[in-house]
Each structure stands twice: as structure tokens, then as C-alpha cells.
1. Report the net charge of residues surrounding PHE12, where surrounding means a beta-carbon distance below 10 angstrom and charges are Lys +1, Arg +1, Asp -1, Glu -1.
2. What is the spread of the Cα atoms of the range 63-113 along each of their three principal axes, largest first, in whole Å?
3. Give the aspartates and glutamates reachable from LYS95 as a straight Cα distance under 14 Å; neighbours fewer than 8 places away on the same chain don't count.
4. Rounded to whole Å, give me the distance from the Cα center of the range 1-32 to that of the range 40-117.
5. Taking Cα pairs under 8 Å and at least six residues apart, what relative contact order does the chain come out at, in percent?
6. Compute the long axis of helix 29-43 from its Cα atoms, compare it with the longest principal axis of the Cα atoms of the chain, and write down the angle in degrees, 0 to 90, nearest 10.
7. Select from LYS75, LYS38, LYS21 the residue whose mean-square fluctuation is largest in a Gaussian network model of the chain (Cα-Cα springs shorter than 10 Å).
8. As a quick test, which of the pairs LYS58/LYS96; LYS29/LYS110; LYS82/LYS110; LYS38/LYS73 have an alpha carbon distance above 25 angstrom in this structure?
Amino acid sequence: MIDICVDEAYAFDYHSIFHLKYNENYIPKSSIEIISKKIIDQIGNNLFIEIINSQEYKNLYEANKKTFDAVDKAKTNQVTAKYVDQCNYGRMIAKKDLQKKFFNTELIEKKIGYTNE
């Protein structure tokens, strides 16, 4: 495994993707436990629990679910590429909200092709 420096919300985005995959029975629980431990080691258990139970994390999880569903539907042309992009942009907004609330900083990551980024 490689550890890299990322925005905190990026780490929680990654966590929420694994959380979603675990809930959909694509990966074992141990996969998400590894990620949780890495995050907890860096921010502490109390803040981790606060974030995981927050509306911002729930919004991020739902944005990822919506994006995953859109990508699956796009494979059979049930949705447009524009719709998939809109879902992915919603995911970016959810990450920004989580970052701002819990870490009071802006994301380093910037979404290309949007005027308000």
C-alpha cells in the first residue's frame, strides 16, 4: 500500500466509496476497516466518529451512490454522459462541504471545466 497526502475530505470520499462497496457486498469488511484505521490514526477516533455520523458524510456517501448508479446506467446508454458528469460534480460539492465544515480549509483538488471552481 502507498500512503499519500490528500485533503481530509478526499480521504473520506475514498472511505465512503469503500463503505458503499462493502454495503453492496463487493468487498469484505476488512477492506474498509483498514481505511478507517488509517484515518483514525491521523485524526483521532472522536473526530472520525463525528464525521462518519454527520450529514456531510451521508451526503458524500449518497453522492457516490448516485454517481456509481449513473455510471452503471451509462454502460447501457440509460443516462447521458452529461448526467454522469452532473452526479460526479455533486460528489465534488459534497467533498467541499465536508472539508469546510470539519477542517475549515479549501480543497486542494479543483474540478476542471466549471466556472465556479
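1. Working: positive: LYS95; negative: ASP7, GLU8, ASP13, GLU56.
Local charge sum for PHE12: -3.
2. The principal-axis extents, from largest down, are 40, 22, 10 Å.
3. The reachable aspartates and glutamates, counting only those whose Cα sits under 14 Å from LYS95, are ASP7, GLU8, ASP13, GLU56, GLU62, GLU106, GLU109, GLU117.
4. When both Cα centres are located, 13 Å separates them.
5. Details: 83 pairs, mean separation 34.3, N = 117.
Rounded, it is 29 percent for the chain.
6. Result, in degrees: 60.
7. LYS75
8. Working: LYS58/LYS96 13 Å; LYS29/LYS110 31 Å; LYS82/LYS110 19 Å; LYS38/LYS73 33 Å.
Table pairs above 25 Å Cα-Cα are LYS29/LYS110; LYS38/LYS73.
Where a number appears in this text, it was derived from the coordinates with a stated rule and is not lab data. Nothing here was measured: the structure is a model prediction, and the numbers come from that model. Neighbour counts are summed over all protein chains in view; Cβ atoms, including those assigned to glycine, are modelled from backbone coordinates with ideal geometry.
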